[in-house]
Amino acid sequence: STGSSLVMGMSDDVLATDPASGYDPGSWLLFNNVFQSLLSFPNGGTEPVPEAAKECAFSDATTKVYKCTLQDGLKFSNGDALTSEDVKFSFDRILKIDDASGPAVMFPMLDTVQTPDAKTVVFRLKYADATFPSKIASGAGSIVDHRQYADNGLRKDDQAVGSGPYKLDSFGKDQAVFAVNDSYKGTAKVKNSGITLKFFHGDQSALKKALLNHQVDIAYRGLAADDIADIN
């Protein structure tokens with residue numbers, strides 16, 4: 001990584017640090033930085049591309065069996081290897097916990113997740129769903145370390161262990177601090193030495209003021225169109 005540390009402000013709160021719970025834009029921003037999904041959306045793109053996976057495809061014309069092969073040498077930020085076991089664990093866990101504010105609602109079609117070997121994941125769907133790749137490319141597809149998460153309950157310590165471009169150093173009411181994850185293998189190009197994400201709890205005028213006073217470098221979401229025009 002190059003560059004200095006970045007301060008980002010957003011008016012959304014982050015409601016969850018555990019991917020089995022969050023289904024809001026703030027939480028997904030955190031997940032996309034701390035965790036990997038099998039696929040991800042390129043900047044400005046709407047077609048998912050391989051991320052933790054080397055390749056993914058429907059294995060028949062019915063779009064009911066979806067197979068992914070993982071990249072070689074994937075590791076979580078704590079050094080644990082990321083294998084198909086973690087992928088299966090992550091999806092099974094979302095469905096088992098079935099959190100009311102979580103992403104389980106996105107996967108009614110998911111029947112079973114199979115792991116024929118350490119690098120292969122096979123999703124069997126109850127019914128055809130051509131949009132399944134886009135669903136697993138979202139924050140809902142975040143892969144957690146099966147050694148670090150319980151399969152039957154949410155993690156409550158405001159910590160997160162993933163394989164994304166950043167690791168979560170600290171998380172509090174008003175900000176989250178991210179350090180670069182040097183063991184990350186994926187599509188994101190990290191151009192800074194870390195991120196501090198400040199939460200403005202819905203207060204757009206405070207976010208605008210912080211941006212104008214150079215207390216934040218970037219505003220993510222939550223600025224009204226005329227505020228953005230003012231700053232540019």
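The values are calculated or read from the model by the stated rules, or taken from the named source; none is laboratory data. All values reported here derive from a predicted model rather than from experimental measurement. Cβ coordinates were reconstructed from backbone atoms using ideal geometry, including for glycine residues, and neighbour counts include every protein chain displayed.
Things worth noting here:
- Within region 37-57, the set of residues being assigned to a strand (DSSP E or B) and either touching a residue at least 12 places away in the same chain (Cβ under 8 Å) or over 26 Å from MET109 (Cβ atoms) (or both) comprises LEU39, SER40, VAL49, PRO50, ALA53, LYS54, GLU55, CYS56.
- Members of region 10-33 that are crowded, with 20+ Cβ neighbours inside 10 Å and in contact with a Phe, Trp or Tyr (Cβ under 6 Å, 6 or more places away or on another chain): MET10, SER11, THR17, PRO19, ASN33
Conditions (1) within 18 Å of the chain's Cα centre (by Cα); (2) under 15 Å from CYS68 (Cα atoms), marked per residue:
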residue	(1), (2)
ALA100	no, no
PRO108	no, no
GLY141	yes, yes
GLY162	yes, no
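- Which numbered condition ASP151 fails, given (1) of a type outside the set (Gly, Ala, Ser); (2) touching a Phe, Trp or Tyr at 6+ places or on another chain (Cβ under 9 Å); (3) buried (at least 16 other Cβ atoms within 10 Å of the Cβ): (3)
- Against the list (1) farther than 22 Å from MET106 by Cβ; (2) more than 17 Å from the chain's Cα centre (by Cα); (3) touching a residue at least 40 places away in the same chain (Cβ under 8 Å), the condition ALA81 fails is (3).
- Residues of region 60-88 classified as closer than 13 Å to TYR184 by Cβ and either part of a strand (DSSP E or B) or among the small types (Gly, Ala, Ser) (or both), total: 4
- One residue stands out in region 34-58 among those that are among the β-branched types (Val, Ile, Thr) and either surrounded by 21 or more Cβ atoms within 10 Å (Cβ to Cβ) or at pLDDT 95 or above (or both): the one that is nearest to LEU197 (Cα to Cα), namely VAL34.
- Among the criteria (1) in contact with a helix residue (DSSP H, G or I) (Cβ under 9 Å, 6 or more places away or on another chain); (2) under 30 Å from CYS68 (Cα atoms); (3) modelled with pLDDT of 95 or more, the one ALA128 does not fulfil is (1).
- The listed residue being surrounded by fewer than 16 Cβ atoms within 10 Å (Cβ to Cβ) and within 30 Å of LEU74 (Cβ to Cβ), out of LYS185, LYS173, LYS189: LYS189
- Test set (1) assigned to a loop (DSSP other than H, G, I, E, B); (2) more than 15 Å from the chain's Cα centre (by Cα); (3) touching a residue at least 12 places away in the same chain (Cβ under 8 Å) - THR112 fails condition number: (1)
- Options ARG124, ARG155; residue that is part of a loop (DSSP other than H, G, I, E, B), within 30 Å of LEU110 (Cβ to Cβ) and basic (Lys, Arg): ARG155
- Annotation: of all residues in region 189-220 being without any contact (Cβ under 8 Å) to a residue 40 or more places away in the chain and in a loop (DSSP other than H, G, I, E, B), the one that is farthest from the chain's Cα centre (by Cα) is ASN213.
- Number of residues in region 177-188 that are in contact (Cβ under 8 Å) with a residue 24 or more places away in the chain and in contact with an Asp or Glu (Cβ under 8 Å, 6 or more places away or on another chain) equals 3.
- Residue check for ALA140: of a type in the set (Gly, Ala, Ser), part of a helix (DSSP H, G or I) and under 19 Å from VAL34 (Cβ atoms): yes
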